[in-house]
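Structure first, then comments.
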Amino acid sequence: MNVTAAAVPGTGVLQLSSMDVAVPAGRLVFAWSPAGDPIAECQLDATETSMAGVLAEAASRGGARLLWVHCTADLSGAGFSRRPGYRKLTVDAVPPGDPLPVLDTATVLDLWPRAFIRQWGHHRIGPDVEIPPGGSFLGLRAGASWAGLCRAEPDQRHIDGPGFVPGSGSPDAARRLVLGACAYLGPGPATLETWGDPAEYEAIGFQTIEECGGWELALTR
């Protein structure tokens, strides 16, 4: 199998190129986890689980230590361990919350790389990351320090990626952060995208409308 990985300009992500027709070019994306582990990642349809072994071999040859697969099927029989997967939630009318401060660029660049170190499904944030337009990052404090952040996009009525620095996350903190984002959006509906257990968000009125399981395989080379 002829496998190489090349950088995608401006993203810090590596894209697989393969001459083996069993692994179509672009099927695997190579990146780094927030903790710094080299990973390979892909979306796998429930009808494609037979590809897991081939993808694992290609990922290993491409230099990954972990293979992350997003799939609604159960991959435990192929040696994968279940991980907190993707969730999309919605609410018809945002619940009331206390406003949170909008973070300046310097604070975002300092806090963002640390806020997802222990959250599966995210990639490492590099020092050259560009803050996407169209929204604001809101911060939650724990004493004198920043505990976590999330992004709110008023035009899209969307809340993205609540994350916390190690040791600062809790169900109560997650609810407070999302409620602060709701206050920033103002009255009306909203969507929320996150990874992991949605219970703390469902407790404040959000409903899960889309989910995809997360699966991880440790690779040997």
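Any read-out appearing in this document is the output of simple, stated calculations on the displayed coordinates, not a laboratory observation. As the structure is a computational prediction, the values presented were derived from the model and not from experiment. Virtual Cβ from ideal backbone geometry, glycine too; neighbours counted across all protein chains shown.
Some notes on this structure:
- Neighbour-count order for Y86, Y184, Y201, fewest beta carbons within 10 angstrom listed first: Y86, Y184, Y201
- Averaging over all projection directions, the Cα-based convex hull of the stretch 74-179 occupies 8.6 nm² in the image plane.
- Efficiency of FRET between T47 and A93 - r from beta-carbon atoms, R0 30 angstrom, step 0.05: 0.20
- Spacing of the two label points (7 Å from each Cα toward its C-beta) at T208 and R65, in nm: 2.9
- Using C-alpha pairs under 8 Å with a sequence gap of at least 6, the mean separation divided by the residue count of the stretch 67-149 gives a relative contact order of 29 percent.
- Contact order normalised by residue count of the stretch 77-221, Cα under 8 Å, 6+ apart, percent: 42
- FRET efficiency, D155 to E130 (Cβ-Cβ, R0 22 Å, nearest 0.05): 0.70
- Förster radius 25 Å - calculated FRET efficiency between E193 and T105, Cβ distance, rounded to 0.05: 0.65
- Using alpha-carbon coordinates, inclination of helix 171-185 to the longest axis of the chain, degrees: 70
- Computed over the alpha carbons of the chain, Rg followed by Dmax gives 18.5, 55 Å.
- 5 angstrom amide H check on H158, placed H, neighbours 5+ away: E153, T191
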